[in-house]
Every structure is written in structure tokens, then in C-alpha cells.
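Take a look at the structure set out below.
The values are calculated or read from the model by the stated rules, or taken from the named source; none is laboratory data. Just so it is clear, the structure is predicted and the values come from calculations on it, not from any experiment. In this analysis, Cβ positions are derived from the backbone assuming ideal geometry, glycine residues included, and neighbour counts consider all displayed protein chains. For the accessible areas, the whole protein counts, side chains as well, though only heavy atoms, and no ligand, DNA or RNA atoms are used. Shrake-Rupley method; radii C 1.70, N 1.55, O 1.52, S 1.80 Å.
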Amino acid sequence: MPSADTGASVTTRAAASPSSSTDTSTAAAVDPESGKLHPGGPGYRRTSFALFAAGVATFALLYSTQALLPAISADLGVRADQASWTVSAATLGLAAGVIPLSAVSERFGRRTMMTASLSVAALLAMLVPFAPTLGWLIALRAVQGVALAGLPASAMAFLAEEVRAKALVGAIGLFVAGNSIGGMSGRIVTGWVAQAWGWRAALGAVGVLAVVCAVAFRLLVPKARHFVARSVGPRALARTLGGHLADPLLRRLYAIGALFMTVFGAVYTVIGYRLVSAPFNLPQGIVGSIFIVYLVGTVSSAAAGKLVARMGRRGALYLAVGATSAGLLLSLSDSVAAVLAGLVLITAGFFAGHAVASSSVSRTAKTARAQASALYQCAYYVGSSLGGALGALAFHAGGWEGTVLLGLVAMVGAAAITLYATRKAVVERRLLHLEKAA
């Protein structure tokens, strides 16, 4: 992976060359100081909109069966913990594929990898509704997860390479905001379509949405100006991954991402079962509409940059942990209004924490950013898979209270990691002060 200086020189030469393939709108948005895109330019807006569309498709596809789990259980005659594997299989597939495909992106480019990943996943989405059994449905969802694996890490690396450092948190926040919009729209669409025509038609509707997003992404995403291709063999990849895992800060960020996603996966896998049962007894369409609270995640993730600027990275993480924990406790109520308020807090806390942790990974890794982001995505989606599976088991064993307990344990873990980092930073500052005084 080239340094920022190398990338800037490549950009300067490309801009000076009359044969440069870079479009004029992208060139106009290049910051003359850093050679990278910055807010206010058309190239930055195109990049933001393209990655937003990709984010919408990613979460809409990845969690397309989540709001439909009660309907799938009823139609196929399976338990909640069995049906939950239609979600966990997709996230495990993504976790398994994200590191190898991030290495492929080093050779063929982030833009090419994201386009191929999104296209294949969208095509598979048109086959998923025709799965004849639960086993086939789980298998297709696993393959779909692998197909999606080329997008998240490549997107983070693309933004880290093309966008100036000060604007990176905001740019990644917009990508994460697209995730929240995709999660919301996918669940709302599937809820109402399933109520009218069944869960298979609902999955078909998500497939159509994904195709539209894939086309929009390909039309909007600008050509990369800082990417330099390189081959990454198995040994080199192992060394790179080992180097990232040896970094204590990166390890902490990976663990925090996994713990936040454990909560999110558990809550949203099980919440549908709770709301269609007593004392709520809500219809499928209304349950799907509950996911409009994802809009809160859109706001909190897009605002993550300002939050970090005001409170610092660890302060923002403390706030995210506190909001998520408060939401879990509030959701224990048998009042629909209280449950909704709890989901709002959980969603806001999760997306803020995820945006802060993921952008911190991109800034911390100085080389091989695609692999650093891939490791984060791997940990993140392993957390989602564990959250979905364990959350469903906890719900089967102890009801909603069991799922909430699982989430609170995960948040205690995230808080402990952040507290350790805070104390470590305080000690380092004291030592530095003593060295200066001496």
C-alpha cells in the first residue's frame, strides 16, 4: 500500500496529463493541499452518494430475512433459533470472505471489487425467494454473504485512500448511514410485502432494491486516483494480518466492533418474535415498520465525526455504550412506546459506536488499510452471527430478558476495553509530562 505522499504524486501526475481518465468533476473536488477529496466538491459528493447506495444495498441484502423470521418459522415449521440461521449464515459468509477478497482488491482495485461484489449479491438476491427448504435458504444466504464480502473492507480502504484524513470520519459515517437506511428500508418493505403476499415476495422486493442500488453505485462512483495495484500472496497476507493483530489499538477496536454488533444482531433478530406475541400481538406489517428507528442510526453515524471532535474517540464510545445499555433496559417494559424508545437508544448507540470504531481502524492503519478494515469487518460480522444465534437461543431459553442480559454483558465488555484504553492513555501522558519536566 503506498503512502499518502506517493498517492499524492500519482494524483498530481494524473491531473497534469491531458490523457488522464479522471473525470473533470472529480478533479475539481481535489484538495490542492492534500491531493485528496474533501467536502464541498462534486467528486466528494459523487463518492458519498455512491458509497451511500452501496451501504443501502449491503444491509438490505445482508439482513433481508431478519424481519421475516416469524413468517419463515410459521411457513416452514421451524423454531426461532433455527430460522435465525438465515441471518447468521449470511453474516458468517461475509466474515469468512472479507479477508481473502480484500487481498484480491489489492490487485484489481477497490472500485472493481465493490462493483463485482454488489452485482453478484444482487443477482443472488433474485434466486433466494425460490429456495424450497430452510436448508437451501440458509445455503443461498451463506453464498450471498460471501459475495457481499468484497464490499465493506474495500469501501473503507477506498475512502481512506481517496478522502483527506480530516473528512474521513464523516465520509465513513455516510457509508454507515447508508447501512442504516438499507437496514430500515429492507425491513419495512419486507414487512408490508410479506403481510400482503408472503415472505418470498418480500425477499424478491429486496432483490429489486439491491439491483437499483448496484446500478446507481456503478454510475456514480468515480475512478480511484490514489490506488496502486499490488499482488498479495498467502504469505504476505498472513504477515500483514499478523502485523495488524499485533497492534494493541487495532485489537481493541476489533473487539469493540464485535461487541456492539453482538448486541445489535441479538436485538434485531429476536425483536420480531417478541412484538408478534403477547402482550403486543402486532401484525407483520407493523412489526416491519418498527424498523423506521434505523433513521436514528443514520443521524448518529453521520454525526460521528462531530461527536469525536467534541468528546474524543473514547468519550464517543462511552456515550455509545451508555445509550445502548439504557435502551436494552428500557426495552424490558411491556409498553410499545417504551420498547420503541429502547430501540431508538440501542440503534443510535450502535451506529455511533460502529462509525467511531471503523473510522478509527482506517486512520490507525498506516499500510494495508484494506486488510485492516477486513479484519474489523470480520470481527464485526462474527459478532453479528454470534449475536443472532445466541440472542435467539437466549430468547428460547429465557424470553426477552435473556436476550437483554446477553446484550448488557457485551456492553460491559465494550466499556471495560474503553476504560482500559483511557487509563493507558492517562499513564502515557503522565510519563510524557515527567520526561519533559526532567
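Quick rundown of the values:
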quantity	calculated
The listed residue being in a helix (DSSP H, G or I) and without any contact (Cβ under 8 Å) to a residue 40 or more places away in the chain, out of Gly388, Gly383, Gly398	Gly398
Arg45 vs. criteria of a type outside the set (Ser, Thr, Tyr), open to solvent by 20 Å² or more (accessible area, probe 1.4 Å) and under 21 Å from Leu386 (Cβ atoms)	no
Selection count where residues are touching a Leu at 6+ places or on another chain (Cβ under 9 Å), open to solvent by 10 Å² or more (accessible area, probe 1.4 Å) and hydrophobic (A, V, I, L, M, F, W, C), scope segment 194-219	6
Residues of segment 281-314 that turn out to be open to solvent by less than 20 Å² (accessible area, probe 1.4 Å) and either farther than 21 Å from Trp197 by Cα or among the small types (Gly, Ala, Ser) (or both), as a count	7
Any hit, segment 53-68, residues being at pLDDT 85 or above, open to solvent by 20 Å² or more (accessible area, probe 1.4 Å) and either assigned to a helix (DSSP H, G or I) or of a type in the set (Asp, Glu) (or both)	no
Filtered residue count, segment 118-162, keeping only those that are within 15 Å of the chain's Cα centre (by Cα) and either polar (S, T, N, Q) or closer than 18 Å to Ala202 by Cβ (or both)	1
Output for segment 230-254, where each listed residue is over 23 Å from Tyr420 (Cα atoms), part of a loop (DSSP other than H, G, I, E, B) and open to solvent by 60 Å² or more (accessible area, probe 1.4 Å)	Arg230, Ser231
Count - residues of segment 372-427 that are crowded, with 24+ Cβ neighbours inside 10 Å and either touching a strand residue (DSSP E or B) at 6+ places or on another chain (Cβ under 7 Å) or hydroxyl-bearing (Ser, Thr, Tyr) (or both)	7
Test result for Thr364, touching a residue at least 60 places away in the same chain (Cβ under 8 Å), open to solvent by 10 Å² or more (accessible area, probe 1.4 Å) and among the hydroxyl-bearing types (Ser, Thr, Tyr)	yes
Scan of segment 135-175 for residues that are modelled with pLDDT of 90 or more and not in a helix (DSSP H, G or I), ordered by number	Ala149
Condition broken by Trp192, with the remaining ones in (1) assigned to a helix (DSSP H, G or I); (2) among the aromatic types (Phe, Trp, Tyr); (3) within 23 Å of the chain's Cα centre (by Cα) satisfied	(3)
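Table: residues versus (1) under 19 Å from Leu148 (Cβ atoms); (2) assigned to a helix (DSSP H, G or I); (3) open to solvent by less than 50 Å² (accessible area, probe 1.4 Å).
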residue	(1), (2), (3)
Pro70	no, yes, yes
Val87	yes, yes, yes
Leu94	yes, yes, yes
Gly97	yes, yes, yes
Ala103	yes, yes, yes
Arg111	yes, yes, no
